[in-house]
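This report refers to the structure that appears directly beneath it.
Each value in this text was obtained by applying a stated rule to the coordinates, not by laboratory testing. Everything numeric in this text was worked out from a predicted model, so none of it was measured. Here the Cβ positions follow ideal geometry from the backbone for every residue, glycine too, while neighbour counts run over all protein chains shown.
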Amino acid sequence: MPRPVAKTLASAHSAAHLKRLRSSQAFVFDMDGTLVLGDKTNHGLNPLPGALEITDLLTSRGVPFVLFTNGTARTPRQYVEMLRDVGFSLVDNGVITPASSAADLFQRRGYKRVLTLGGEGLEKPLRDAGMEIVAPEGMPEVDAVLVGWFREFTMSALEAACQAAWNGAKVYSCSQSLYFATAQGKAIGTSRAISAMIRDLTGARIHIVGKPSLEALRCAALRLGVRTKELAVVGDDPSLEVPMALRGGALAVAVNTGIGAADSFAHLPGKQRPHLIVHNVGELLSLYKGQS
């Protein structure tokens, strides 16, 4: 009895979704767990299988892309330089962080003074956008509080952030994720933990400016010069890239090399599932090129 013929990669996916993948005008890639894995401070980065190849192919075809990481331990330009060191060919503005999308949003809302709970990676995009950075101390009068990567967090900083919220400042978080992917497994972020304390003490609503917010996707689309529905968004976290893509009408592509394992998306209702699920970006590259 002859063996059944194994499915090709392409036959396992919807023809409509594959067509949409290949006609996408631009791409947004997650970083940790999708294109690279490193340690908890993003050192020792190693490209994942297919990561260099797919980004090189997009560059050769003139298809623009950006990397969007929820990390703010570094400035966007520092991330670019770090990724170039491990082989990625990126343009100077090829990485976006929540500080980038916060800067866009805060400009539109006319914010002038921002209290930041984080370092230079959080502050520089805001400063470049013309905002005054206020240190988390005393009883500051500010328009907004922005919470990012801040392992040096202290009770004095918490008190200052709460005072700002009590004085009417809006509170924004770069990420509400429980953790992110590293080569050693899951690592806890700081934004959610710090935001939870501020919310518990003040009752302030926490507004997200990183993934999975629509603000984050709009920032990426603006940077790439396309509409959100013309994007393909590629990531490993069921709670981040997939819902962000779906909110903006973009193509949602999930990989299984980071937070999301092979069965991480099975429990989601149909309308919340990614359009395509692949093992890694190497498999995505084969689908994009039309290979079986």
Near ILE206, within a Cβ-to-Cβ distance under 12 Å, what is the net charge of the other residues, with Lys and Arg +1 and Asp and Glu -1?
+3
With Rh as the Kirkwood radius over Cα pairs, the chain has Rg/Rh of 1.00
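Report, for the stretch 99-208, the % of DSSP beta bridges that are antiparallel, rounded to 5. Intermediate values should be presented prior to the final figure.
Working: 4 of 18 bridges.
Within the stretch 99-208, antiparallel bridges account for around 20 percent of the total.
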Partners for LYS19 among aspartates and glutamates (Cα-Cα distance below 13 Å; same-chain residues under 8 apart left out):
GLU230
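On a 24 Å Cα-Cα criterion, which of the cross-link pairs LYS124/LYS186; LYS112/LYS170; LYS124/LYS211 come out too long? The partial results should precede the final answer.
Numbers: LYS124/LYS186 27 Å; LYS112/LYS170 13 Å; LYS124/LYS211 19 Å.
In this structure, LYS124/LYS186 exceed 24 Å between Cα atoms.
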Label point 7 Å beyond Cα of MET197 along Cβ direction - residues of the stretch 154-170 with amide nitrogen under 17 Å:
154-166
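How many percent of DSSP beta bridges within the chain run antiparallel, rounded to 5? Could you put the intermediate results ahead of the total?
On the way: 6 of 37 bridges.
Just about 15 percent of them are antiparallel.
Taking 0.36 nm per intervening residue step and subtracting the Cα-Cα distance, what contour gain separates ARG84 from SER156 on full extension? Don't jump to the answer; show the numbers that get you there.
Working: separation 72, 0.36 × 72 = 25.92 nm, distance 3.75 nm.
Using 0.36 nm per residue and subtracting the Cα-Cα distance, I get 22.2 nm.
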With the chain treated as a Gaussian network of Cα nodes joined by springs under 10 Å, which of ASP236, ASP56, ASP30 yields the largest mean-square fluctuation?
ASP56
Span-like helix ranges in the chain, DSSP H, alpha carbon extent 27 angstrom or more, Kyte mean at least -1.0
none
Using a Gaussian network model of the chain with C-alpha springs under 10 Å, which one of LEU201, LEU90, LEU117 is most mobile by mean-square fluctuation?
LEU201
